[in-house]
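Chemist: Before anything else, here's the structure in question.
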Amino acid sequence: VALSSSQRNARDDERKVDIQTITSHLEDYYNGANSSGVTGRYPTTSLTASEASIKTALRDVSTSTFIAPGSTSTSQTFIAATNATQTPEGVAPQPTVTTYVYQPLQANGALCTGDVALTECRKFNIYYRLENDTTVKITSRHQ
């Protein structure tokens, strides 16, 4: 039982570090450290399209950060929200212990989809679930 609890704690710690690292890279993107030279906005949901999308948008990122414990690829873990509901209970799809849900939003609260050069994503939410307390967590910037 103690070993199982230690393993859950270790996986939860990894999830927290992943989210902190992803958030840091998204902030760098917002501040102009991106291939498009755009500042003051975040990537659209297209960021989650593939590992190549992540590598292109976020400089010097290790894509392993985008793979949750128990998952095997970024496409299985780092997924786009399909709605703009900004609550842990309302976001779709719901995060699991093996998924991180990225929700970029426009200033008016609409979901940011499409071309980043044409869409001003002013804030984002990342939803994820821990094993130990099974609570959906949210990390936000520029709210």
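The values are calculated or read from the model by the stated rules, or taken from the named source; none is laboratory data. No experiment lies behind these values; they were computed from the predicted model shown. Heads up: the accessible areas ignore ligands, DNA and RNA and are worked out on the full protein's heavy atoms, side chains in. Shrake-Rupley method; radii C 1.70, N 1.55, O 1.52, S 1.80 Å.
Chemist: Before I look further, what does segment 28-143 give for accessible area per residue, probe 1.4 Å, in whole square angstrom?
Modeler: Accessible area per residue, segment 28-143: 45 Å².
Chemist: Probe radius 1.4 Å, ligands and nucleic acids ignored: give me the carbon and sulfur share of the accessible area of the chain as a rounded percent.
Modeler: 49 percent
Chemist: Another one. Take every Cα pair under 8 Å in the chain that's 6+ residues apart, average their separations, divide by the length, and report that relative contact order as a whole percent.
Modeler: Averaging sequence separation for qualifying contacts and normalising by length gives 22 percent for the chain.
Chemist: For the chain, what does -39500 (n - 2.57) per DSSP helix run (n ≥ 4), summed and divided by total residues, give at 222 nm, in deg cm²/dmol to the nearest 500?
Modeler: -9000 deg cm²/dmol
Chemist: Residue-wise, which Karplus ³J(HN,Hα) couplings in Hz belong to segment 48-58, taking 6.51 cos²θ - 1.76 cosθ + 1.60, θ = phi - 60°, and x for glycine or proline?
Modeler: 3J(HN,Hα) across segment 48-58, in whole Hz: 7, 4, 6, 4, 4, 4, 5, 5, 5, 7, 10.
Chemist: Let me ask something else. Around Thr44, which amide H atoms from residues at least 5 apart in sequence, or from another chain, sit under 5 Å from its own amide H, with H modelled in the peptide plane?
Modeler: For Thr44, the qualifying residues are Val116.
Chemist: By a straight-distance test (C-alpha under 19 Å), which lysines pair with Lys137 as possible cross-link partners, with residues fewer than eight away in the same chain excluded?
Modeler: The reachable lysines, counting only those whose Cα sits under 19 Å from Lys137, are Lys16, Lys123.
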